[in-house]
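S.K.: So that we are looking at the same thing, I have put the structure below in structure tokens.
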Amino acid sequence: MPNNQFFEKKGPFPLKEIAKVLGCINDVNIDDNFKINGIESLDNAKKNDITFLNSHKYKDLSLKTEASACITSHNLFKFLPNNCIKLDVKNVLFALTKISRLFYPDADIDFPDKNLVSSESLTQIYPKVTFGKNVFIGNNVVIGQNTIIGSNTVIESDVKIGEHCVIGSLVTIRKSLISNSVNIKDGAKVGIKGFGFIPLKEKNLRTPHVGKVILEEGVEIGANCTINRGSISDTIIRKNTFLDDQVHVAHNVQFGQNCMIAGQCGFAGSSTIGNNVIIGGQAGISGHLQIGNNVKIGGGSGVINDLPDNSQVMGYPAIPLKEFVKQRKKK
């Protein structure tokens with residue numbers, strides 16, 4: 001994630017030091033002077049970055065990664081380029097958390113922004129923005145003209161908001177880039193740290209979340225929605241996608257364009273939703289799934305498998321709609 005404006009990154013660190021932290025220093029031959037600049041996802045990683053691979057499901061990305069090193073397990077070595085240094089670990093996600101905390105030691109908890117200032121004192125900076133009462137703004141916030149921000153809302157440091165947006169009351173926005181004509185309704189929380197941790201016997205170890213939320217043009221976020229920022233990559237909602245009230249979007253989820261998501265739906269981490277997807281209320285989408293374009297998912301469904309383009313499903317577990325209707329008729 002190049003030019004991360006939201007988090008202070010430590011390093012670079014020698015790869016030998018990283019290998020030592022992971023307990024695999026004796027398993028690889030590493031130049032003493034070779035340094036790692038940062039930790040990135042498989043597709044964003046460049047030379048002198050380290051990445052991670054914990055499932056063959058991502059082999060199409062891993063085989064093309066430009067990362068210099070990868071945290072993985074021995075059975076996945078074959079899905080990485082020959083010139084990528086493989087760091088063999090027992091638990092990839094635990095190892096990832098340890099290295100994330102090395103680069104980003106302050107990203108495991110959402111500490112309150114200490115730089116907030118009342119919008120009443122910032123009218124010269126934002127002359128064409130309309131603020132409600134008791135609005136607080138952090139450092140280096142960009143807000144486009146003709147945007148309206150409701151009362152008791154907090155916009156934390158380095159957030160960018162486009163033109164002609166409507167941000168409701170009691171909204172919190174952090175670690176986010178918001179395009180033009182976005183509507184965020186009352187009570188929504190955007191850019192919140194995701195639910196990521198490693199369960200240990202002593203205590204749960206929090207995983208840093210150093211991604212961001214990207215809301216593209218024309219997106220609508222319903223009242224009291226929660227949009228978690230990404231862990232390593234970003235959470236993205238693309239153009240003209242609308243979320244109803246009380247929808248939860250977990251870390252790294254990506255939506256395509258023109259989707260319609262009804263109230264109280266939940267999306268587990270790292271799932272990808274295609275374009276023109278329609279999902280009924282109270283449906284749940286499991287993590288790391290690929291939902292194709294033009295898919296329709298009935299209300300109350302539980303999706304636990306990938307869905308190809310143009311699918312229509314319902315039920316738990318979700319099955320093709322025609323099959324669901326036949327089963328109901330038999331009852």
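S.K.: Can you put S73, S62, S121 in order, fewest other beta carbons within 10 Å first?
M.R.: Lowest to highest Cβ neighbour count: S121, S73, S62.
S.K.: Tell me, what is the FRET efficiency for K9 and H56 to the nearest 0.05, using R0 = 25 angstrom and their Cβ-Cβ distance as r?
M.R.: On the way: r = 30 Å, r/R0 = 1.19.
Efficiency at R0 = 25 Å is approximately 0.25.
S.K.: Also: Kindly provide the trypsin sites (Lys or Arg not before Pro) of the stretch 1-87 that DSSP labels as loop, not H, G, I, E or B, and whose Cβ sees at most 11 other Cβ atoms within 10 Å.
M.R.: On the way: sites: K9, K10, K16, K20, K35, K46, K47, K57, K59, K64, K78, K86; in loops: K9, K10, K46, K47, K64.
In loop regions of the stretch 1-87 (DSSP not H, G, I, E or B), the sparsely surrounded trypsin sites (Lys or Arg not before Pro) are K47, K64.
S.K.: Another question about this same structure. Quote to one decimal, in nm, the extra length available between E323 and N134 on full extension: 0.36 nm per residue of separation minus the C-alpha distance between them.
M.R.: Here the answer is 62.7 nm.
S.K.: Next question. With the Cα gyration tensor of the stretch 96-228 giving a ≥ b ≥ c as the square roots of its eigenvalues, does the rule (a/c under 1.5 for rounded; else a/b larger than b/c for prolate; else oblate) give rounded, prolate or oblate?
M.R.: The shape class here is prolate.
S.K.: Which loop chymotrypsin sites (Phe, Trp or Tyr not before Pro) in the stretch 111-202, with loop taken from DSSP, have no more than 16 other Cβ atoms within 10 angstrom of their Cβ?
M.R.: F195
S.K.: On to the next question. By how many nm would the segment from V166 to K201 grow when fully extended, if each residue of separation counts as 0.36 nm and the alpha-carbon distance is taken off?
M.R.: Values: separation 35, 0.36 × 35 = 12.60 nm, distance 4.56 nm.
Gain in length upon complete extension: 8.0 nm.
S.K.: May I ask for the percentage of alpha-carbon pairs in the stretch 13-103 that lie more than 18 Å from each other?
M.R.: Result: 33 percent of Cα pairs exceed 18 Å.
S.K.: While we're on this one: Set the Förster distance to 30 Å, then compute FRET efficiency between K64 and Q312 from the Cβ-Cβ distance, nearest 0.05.
M.R.: So the FRET efficiency works out to roughly 0.35.
S.K.: Also, quick follow-up: So which of K9/K90; K185/K322; K57/K98 end up more than 28 Å apart, counting from Cα to Cα? Write out the running numbers ahead of the final one.
M.R.: Values: K9/K90 26 Å; K185/K322 36 Å; K57/K98 23 Å.
Beyond 28 Å: K185/K322.
S.K.: Looking at the stretch 182-331, what % of the alpha carbon pairs are farther apart than 26 Å?
M.R.: The proportion of pairs with Cα distances above 26 Å equals 25 percent.
S.K.: Work out the FRET efficiency for F34 and N75 from their Cβ-Cβ distance, taking R0 = 25 Å, and round it to the nearest 0.05. Mind dumping the intermediate values first?
M.R.: On the way: r = 25 Å, r/R0 = 1.01.
Here the calculated transfer efficiency is 0.50.
S.K.: Turning to a different aspect of this structure: Per q in 0.31 Å⁻¹, report the Debye log10 I(q)/I(0) for the stretch 69-120, using one uniform scatterer on each alpha carbon and no solvent.
M.R.: Computed log10 I(q)/I(0) values: -1.15.
S.K.: For the chain, what is the convex hull volume of its Cα atoms per residue in Å³?
M.R.: Dividing the Cα hull volume of the chain by its residues yields 148 Å³.
S.K.: Taking 0.36 nm per residue of sequence separation and subtracting the Cα-Cα distance, how much length would be gained by fully extending the chain between N91 and N115, in nm to one decimal?
M.R.: That pair, N91 and N115, stretches by 4.8 nm at full extension.
S.K.: Looking only at the chain, where both bridge partners belong to it, what percent of the DSSP beta bridges are antiparallel (to the nearest 5)?
M.R.: Values: 8 of 69 bridges.
Roughly 10 percent of the DSSP beta bridges within the chain come out antiparallel.
We did not get these values from a lab; they are worked out from the coordinates using the rules stated. From a predicted model like this one, the values you see are computed outputs, not experimental measurements. Note: ideal-geometry Cβ built from the backbone for every residue, glycine included; neighbour counts use all protein chains shown.
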